[in-house]
Each structure stands twice: as C-alpha cells, then as structure tokens.
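Enquirer: Starting off with a structure, shown below.
The values are calculated or read from the model by the stated rules, or taken from the named source; none is laboratory data. Model, not experiment: these values are computed from the prediction. Cβ atoms come from the backbone with ideal geometry, glycine included; neighbour counts cover every protein chain shown.
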Amino acid sequence: MMTDVMTKTDAPILRLEGVSKTFNGQNGAVEALQPLSLDVRAGEFVCLLGPSGCGKSTLLNLIAGLERPTTGDVFANGRPVVGPGADRVLMFQDGALFPWLNVRANVEFGLRQTGLPKRERAGAAQRWIDAVHLTGFERSFVHELSGGMRQRVAIARALAIDPAILLMDEPFGALDAMTRDLMHRELESIWQSTRKTVLFVTHNVREAVALGDRVLVFAARPGRIVAEFRIDLPRPRSLEDHALVDQARRITAVLREAGANSNHSAARPGEPG
Ligand code: ADP
C-alpha cells in the first residue's frame, strides 16, 4: 500500500502557502505579489528572475520575516515565520557592511548575537574570512576594499552565523563582469561545500542559469511567478557555455512574453540571455 508519509529529509526547508503581499500606498493598493505557493528543498539553489518591480525583493523580505504576508503563510523548517531569525539571513547588493568596523569585526558582528564565547567568535570569523579568500585583510576597513571584496565580507558575515537559508538580493548587481564571474564560482563552491539553501534574486538571465538548480521567472504588475525552469547543466558552469546560453535564450523569450502581457507593458526583461 502506498503511504503518504514524508520523511524528514523529504520535507521542504521552506514552504510558502498562498503567500501574497499588497502594499497600500498613497496612490492606492499595489499588488506586489499575487498568491503563490512554493516548496524549496534543503540544499537547493533557487534563482528568482525578473524585471524590477515584480515582487522578488518582497518575496525575500517575507521569507526573512521583515514583512508580513497579506495572505498565506511562510514556513521555515516546518515552523511558521513570524519575524527575523538566525536560520534565515538576508544579503543585499551593497553588502550593508558597517564602515566603522574592520573586516574581522564586520564578520564577527552577527556572531555576537549568537552568544558564542569571544575566542570561538574569532575562530569562526577567521574560518569564513579564509573561506572567501580575504586572509590578510582582517584589519582593513570597508572603504579600503573593492566591490568584490566587500561582497565577500558580506558573504562571510552571513555564513558565519550558520543560517540554513541564505537570501541574496542581487548581491553581485554592482560588480563588473569579471568580478561577478569570479564571485559566481566562489559562491557555487561555498554552496557546494556547506549545502546551504540559497534563494538568489537577479534580473540577469545568464547569472540565474549559471547558479540555479531552479529558476523561477517573475512578471510585474501584478508580481507573480509565470514559469519555472529546472537547470540540470553540470557544474561548475561557464557563462559562455553553449548549453547555458541556449537555456538563457529560452528563458529570455519567456520573460519577454511575460513583460508584453503585463498590465503596463513598461516591464523590461533585463539583459538578454
Ligand atoms: P523587485 O524586487 O522585483 O524589483 P519589489 O519587491 O521591490 O520588486 O517591488 C514590487 C512592487 O511592490 C513594486 O511595484 C514596488 O513599488 C512595490 N513596493 C515594494 N515595497 C513597497 C513598500 N514598502 N511600499 C509600497 N510599495 C512597495
């Protein structure tokens, strides 16, 4: 007889049930996200792709617990999300580092809240500084670092508190193409060794295909998921790889179509594949 019982490992680490968000602003209600349901399994790398204004950041904020859904529920590890938690860390495009703290202190910052003794904090911070290849820059301040180095500090700070889920909001959007390529490889290798669950927002199609196990394609006005692609290309992936470029082209076509079908067709699908 078939049983319907989920084992622990089958249970999604993240579950969204009918989650929507409407903002009530001065110009009336904005339906930032139509109701959506989504399961993410532990260790999965999911890219949220779409033009700006389609609710990607709103979705990350709901998962981070910084916003409350208008309808529906978010569950992390089976528990309802009612606010921020150390199991979910959000990382932004500008890294949001503290300019008055050096690299080590920035990475240690989150660890202070975990109650880890000072010595262990220093050890954990150093391990992550080494992992993102910033050994030797522990005493540098944010203004002394390049954009790529800043994002490495932000990754180290996020991972030092050992969250199960890493929420990344266009983390490499401000980097030049070569640095971005390097950061993709580093993030992929860190993800493979830590098996974190990653939700990664981008409007860059190739970036999504290079990183994701799955790409969720969003459209705007109202914000919604219009398509989902499973990416089975072998890793590590190269942005120039033919199969990757082909896949990106197919996704770009879907984005264009979705943009054209949005209520106000000002929506743009970002860079072409
Ligand atoms: P994306 O991350 O895809 O660019 P967002 O999630 O930032 O999109 O925004 C989705 C929609 O919700 C946009 O129309 C945006 O203007 C609106 N929005 C986002 N945050 C707020 C807010 N705090 N108040 C009012 N409207 C908001």
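Enquirer: Considering only residues that are small (G, A, S) and assigned to a strand (DSSP E or B), which ones fall in the range 31-84?
Expert: Result: A32, S37, G72, A76.
Enquirer: Could you tell me whether the range 218-229 includes any residue that is surrounded by 15 or more Cβ atoms within 10 Å (Cβ to Cβ), charged (D, E, K, R), at pLDDT below 95 and closer than 17 Å to L48 by Cα?
Expert: Yes, there is a match, as at least one residue in the range 218-229 is surrounded by 15 or more Cβ atoms within 10 Å (Cβ to Cβ), charged (D, E, K, R), at pLDDT below 95 and closer than 17 Å to L48 by Cα.
Residues checked against (1) farther than 22 Å from A158 by Cα; (2) more than 13 Å from the ligand (Cβ to nearest atom); (3) in contact (Cβ under 8 Å) with a residue 60 or more places away in the chain:
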site: T179; (1), (2), (3): no, yes, no
site: R185; (1), (2), (3): no, yes, no
site: S189; (1), (2), (3): no, yes, no
site: Q192; (1), (2), (3): no, yes, no
site: D213; (1), (2), (3): no, yes, yes
site: P222; (1), (2), (3): yes, no, yes
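Enquirer: Out of A11, A76, A32, report the one residue that is more than 16 Å from the ligand (Cβ to nearest atom), surrounded by 18 or more Cβ atoms within 10 Å (Cβ to Cβ) and small (G, A, S).
Expert: Only one candidate qualifies: A76.
Enquirer: Which numbered condition trips up R249, out of (1) within 12 Å of the ligand (Cβ to nearest atom); (2) at pLDDT 95 or above; (3) over 21 Å from L60 (Cα atoms)?
Expert: Among (1) within 12 Å of the ligand (Cβ to nearest atom); (2) at pLDDT 95 or above; (3) over 21 Å from L60 (Cα atoms), R249 violates only (1).
Enquirer: Across the range 14-29, which residue is surrounded by the most Cβ atoms within 10 Å (Cβ to Cβ) among those that are more than 16 Å from the ligand (Cβ to nearest atom) and over 30 Å from R235 (Cα atoms)?
Expert: E17
Enquirer: Collect the residues in the range 106-122 that are farther than 10 Å from R157 by Cβ and surrounded by 13 or more Cβ atoms within 10 Å (Cβ to Cβ), keeping them in residue-number order.
Expert: Hits for the range 106-122 are T114, L116, R121, A122.
Yes/no matrix, rows are residues, columns are (1) surrounded by 17 or more Cβ atoms within 10 Å (Cβ to Cβ); (2) in contact with a Phe, Trp or Tyr (Cβ under 8 Å, 6 or more places away or on another chain):
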position: L36; (1), (2): yes, no
position: G43; (1), (2): no, no
position: C54; (1), (2): yes, yes
position: I63; (1), (2): yes, no
position: L66; (1), (2): no, no
position: T71; (1), (2): no, no
position: A86; (1), (2): no, no
position: A96; (1), (2): no, no
position: P99; (1), (2): no, yes
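Enquirer: Filter the range 98-114 down to the residues that are modelled with pLDDT under 90 and either part of a loop (DSSP other than H, G, I, E, B) or among the β-branched types (V, I, T) (or both) and list them by number.
Expert: Q113, T114
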